[in-house]
Structure formats: structure tokens, C-alpha cells
Amino acid sequence: MADSRNYAALCPVVLIPHPHVRIDASVMNGSPYVVGSRVPVRRIYGFFIGGATFERILKRYPQLGPAKVFDALSFALDNDHVVKADIEREQASINRATRGAILPAATAPEVEGES
């Protein structure tokens, strides 16, 4: 496993900071996350680029509230190089962990009350 201090040193520079998003090498291994939660920005951004509406994302993460969801999306769009690097790092970690393993097909998380 990579040392989070090394990742923080290699992490792209945040060009535009946002009040509801933090990056801390000692929290979530340096992934950008929404303040007051353990929700990574890459997760919210992934739903968004996958076609989810703001309302659907808010239903998935009601504990965040509209301001934090909008700010996470704004952070991702303003600092796409940071979020893309985090997504690539997560994928590399998944690939290392699953090398040689047979996994069931992935399914999208269900949002309560949606069909």
C-alpha cells in the first residue's frame, strides 16, 4: 500500500479551493472529500458525469445538503485534474487488490424511492 505522505507530495495542486471540500493526507488517504463527511468528491462527480441529476445525487447523500453537493461538483469541475488523478489512483488500488480475483459484476447503488 502506498504511503499517504508520498501521495500527498505527488497530488496535483488545487487551483481553486472550495469551502466544503478538503484534502488532507491523514483523512481518506488524501482524497478530496466533503467536509463533515467521509464522502469523496470523486463519488459525487462520478454520479454526475454518469448522468445523475442534482436531485438524484442529493437523494443519495441527503446528509450533505444542497450547498455541499453543489460545492463538491464545483470543486470537481474547477479542479478536474485533481479529481481525475484521485479516480485513477482509486482504480489502480482496486486493480492491485483484485489482481487474479474473480469478482461478481458490479451494480450501481440503489437510491431509496427510485425506480
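The values are calculated or read from the model by the stated rules, or taken from the named source; none is laboratory data. None of these values were measured; they are calculated from a predicted model. Here Cβ is always computed from backbone atoms with ideal geometry, including for glycine, and neighbour counts include all displayed protein chains.
Working carefully through the options ARG38, ARG56, find the one that is among the charged types (D, E, K, R) and part of a helix (DSSP H, G or I).
Criteria check complete, one pass: ARG56.
One line per residue, one yes/no per condition, for (1) surrounded by 14 or more Cβ atoms within 10 Å (Cβ to Cβ); (2) in contact with a strand residue (DSSP E or B) (Cβ under 7 Å, 6 or more places away or on another chain); (3) at pLDDT below 95; (4) of a type outside the set (A, V, I, L, M):
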{"site": "VAL21", "(1), (2), (3), (4)": "yes, yes, no, no"}
{"site": "MET28", "(1), (2), (3), (4)": "yes, yes, yes, no"}
{"site": "TYR33", "(1), (2), (3), (4)": "yes, yes, no, yes"}
{"site": "PRO40", "(1), (2), (3), (4)": "yes, yes, no, yes"}
{"site": "THR53", "(1), (2), (3), (4)": "no, no, no, yes"}
{"site": "ARG60", "(1), (2), (3), (4)": "yes, no, no, yes"}
{"site": "GLN63", "(1), (2), (3), (4)": "no, no, no, yes"}
{"site": "ASP71", "(1), (2), (3), (4)": "yes, yes, no, yes"}
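Screening the stretch 74-115 for residues that are surrounded by 10 or more Cβ atoms within 10 Å (Cβ to Cβ) and closer than 17 Å to ILE57 by Cβ and picking the one that is modelled with the lowest pLDDT gives VAL111. Residue pairs whose Cβ atoms lie under 6 Å apart, separated by 6 or more positions or on different chains, with the first residue in the stretch 36-48 and free of Cβ contacts under 8 Å to residues at least 60 places away in the same chain and the second part of a helix (DSSP H, G or I) and acidic (Asp, Glu), are ARG42/ASP86. Taking every residue in the stretch 56-83 that is more than 16 Å from ARG38 (Cα to Cα) and among the acidic types (Asp, Glu) and pairing it with any residue that is crowded, with 18+ Cβ neighbours inside 10 Å and at pLDDT 95 or above, at least 6 positions away or on another chain, the pairs with Cβ-Cβ distances below 9 Å are ASP80/TYR45.
I'm trying to understand the selection: among the residues of the stretch 28-47, which are of a type in the set (Gly, Ala, Ser) and out of contact with any Asp or Glu (no Cβ under 9 Å at 6 or more places or on another chain)? Once the filter is applied, which keeps residues that are of a type in the set (Gly, Ala, Ser) and out of contact with any Asp or Glu (no Cβ under 9 Å at 6 or more places or on another chain), the stretch 28-47 yields GLY36, SER37, GLY46. Would you check if GLY46 is outside any helix (DSSP H, G or I), more than 20 Å from VAL13 (Cβ to Cβ) and of a type outside the set (Val, Ile, Thr)? It is false that GLY46 is outside any helix (DSSP H, G or I), more than 20 Å from VAL13 (Cβ to Cβ) and of a type outside the set (Val, Ile, Thr).
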